[in-house]
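Enquirer: Sharing a structure with you now.
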Amino acid sequence: MIRKDIIDLLRATPGKKFRLKEHNPSWKQSEEFSELGKDATKERAKQVLEANLADLAEAQDLLYADNRYSVLIVLQAMDAAGKDGTIKHVMSGVNPQGCQVFSFKKPSTEDLQHNFLWRYMKCLPERGRIGIFNRSYYEDVLVVKVHPELIGRRLPRAKEKVGKKFWQARYDDINAFERHLVRNGTVILKFFLNVSKEEQKERFMERLRNPDKHWKFSASDLAERGFWDQYMDAYQDAIRATSTKWAPWHIVPADYKWVARAAVADIVTTAIRDLDLSYPEVTPEQHKLLEEARTKLAQE
């Protein structure tokens, strides 16, 4: 497991000033790692991931059996930061029946006829299950903030100027929504995969060089890269406003995929194991039925 003090470095502490630029997107999260070196740190991350995969599978079984809590994992990032790969590697050992993944694209006409949280509410995980949002309701304070023309004209007071009050109201709605979920047994784990602009360029170039990865590249990815600074401002504002005691943000270094995967796996596994989970107790009546079944089978 990753030490708590290391994980604390990744957390956006509620109530404290948050600056995104102070979070290193590489593997050098502390002087200790710098002294240890890249190769040794990578080996340690690999060991942490392997251990957590086994622990997470066991924790998921207990989560399902206990059937009181659900876990919502929110993944946000710039394009090519590794969201899909993180999901694939971190959740590789869990039972597919207890895990659901939703990727949210452009809202439909029906979605736009409801409040901005509506389409996400429909996809929340049931008790005993893990739900993963590959992008989420935060898109409505990120992409929409960078491109305010997407707000549309259907909202009350839509003709008024969209400013700080509008975005603060959305942050307030998100905080209230998440607090409601937590009160009702949903553990919310929010991750911003922090990739640098330089690394994103390298990953885009790899997609363009490799024919097998051409399908991953979209002209819109390059267009959105042109708004990098605006996106960084939007992420900083959103994280600062919505990292709460009940649903804090984790700023996960994503320039090296092995770092991101080890960190996410550790945080998810630890969060589930820290719940007061237990297998259902067998009543005396059920013990009697089990003994009768055992006897009947033994006599066949």
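Enquirer: Considering each of Trp246, Trp215 in turn, give the residue that is of a type in the set (A, V, I, L, M, F, W, C), in a loop (DSSP other than H, G, I, E, B) and surrounded by fewer than 16 Cβ atoms within 10 Å (Cβ to Cβ).
Expert: Answer to the selection: Trp246.
Enquirer: Is the stretch 67-80 home to any residue that is under 30 Å from Asp221 (Cβ atoms), at pLDDT below 90 and crowded, with 21+ Cβ neighbours inside 10 Å?
Expert: There is no residue in the stretch 67-80 that is under 30 Å from Asp221 (Cβ atoms), at pLDDT below 90 and crowded, with 21+ Cβ neighbours inside 10 Å.
Enquirer: Which residue pairs have Cβ atoms under 7 Å apart, sit 6 or more places apart or on different chains, and have a first residue in the stretch 130-146 that is at positive phi and modelled with pLDDT of 95 or more and a second that is not in a helix (DSSP H, G or I) and not charged (D, E, K, R)?
Expert: Going by the 7 Å Cβ cut-off, the qualifying pairs are Arg135/Gln76; Arg135/Ser103; Arg135/Phe104.
Enquirer: Please enumerate the residues belonging to the stretch 250-300 that are part of a helix (DSSP H, G or I), within 30 Å of Leu20 (Cβ to Cβ) and among the aliphatic types (A, V, I, L, M).
Expert: Result: Val259, Ala260, Ala262, Ala263, Val264, Ala265, Ile267, Val268, Ala271, Ile272.
Enquirer: State all residues of the stretch 64-107 that are without any contact (Cβ under 8 Å) to a residue 60 or more places away in the chain, more than 29 Å from Tyr279 (Cβ to Cβ) and not basic (Lys, Arg); if no residue qualifies, say none.
Expert: The answer is Asp84, Ser103, Phe104, Pro107.
This table checks each residue for (1) assigned to a loop (DSSP other than H, G, I, E, B); (2) under 25 Å from His250 (Cα atoms); (3) β-branched (Val, Ile, Thr).
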position: Asn52; (1), (2), (3): no, yes, no
position: Asp55; (1), (2), (3): no, yes, no
position: Leu63; (1), (2), (3): no, yes, no
position: Arg68; (1), (2), (3): yes, yes, no
position: Lys88; (1), (2), (3): no, yes, no
position: Gln100; (1), (2), (3): no, yes, no
position: Asp111; (1), (2), (3): no, no, no
position: Cys123; (1), (2), (3): yes, yes, no
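Enquirer: Test Asp8 against the stated conditions and say whether it is among the acidic types (Asp, Glu), over 20 Å from Gln236 (Cβ atoms) and outside any strand (DSSP E or B). I'd like the intermediate steps shown before the answer.
Expert: Details: among the acidic types (Asp, Glu): yes; over 20 Å from Gln236 (Cβ atoms): no; outside any strand (DSSP E or B): yes.
Against the criterion (among the acidic types (Asp, Glu), over 20 Å from Gln236 (Cβ atoms) and outside any strand (DSSP E or B)), Asp8 does not qualify.
Enquirer: Moving to a separate point now. So which of Arg203, Arg179, Arg170, Arg207 is assigned to a helix (DSSP H, G or I), basic (Lys, Arg), in contact (Cβ under 8 Å) with a residue 24 or more places away in the chain and surrounded by fewer than 16 Cβ atoms within 10 Å (Cβ to Cβ)? Spell out the reasoning first.
Expert: Numbers: Arg203 fails: surrounded by fewer than 16 Cβ atoms within 10 Å (Cβ to Cβ); Arg170 fails: surrounded by fewer than 16 Cβ atoms within 10 Å (Cβ to Cβ); Arg207 fails: surrounded by fewer than 16 Cβ atoms within 10 Å (Cβ to Cβ).
Unique residue meeting the criteria: Arg179.
The values are calculated or read from the model by the stated rules, or taken from the named source; none is laboratory data. Keep in mind that what you see is a predicted model, and the values were worked out from it rather than measured. Positions of Cβ are backbone-derived with ideal geometry, glycine not excepted, and every protein chain shown enters the neighbour counts.
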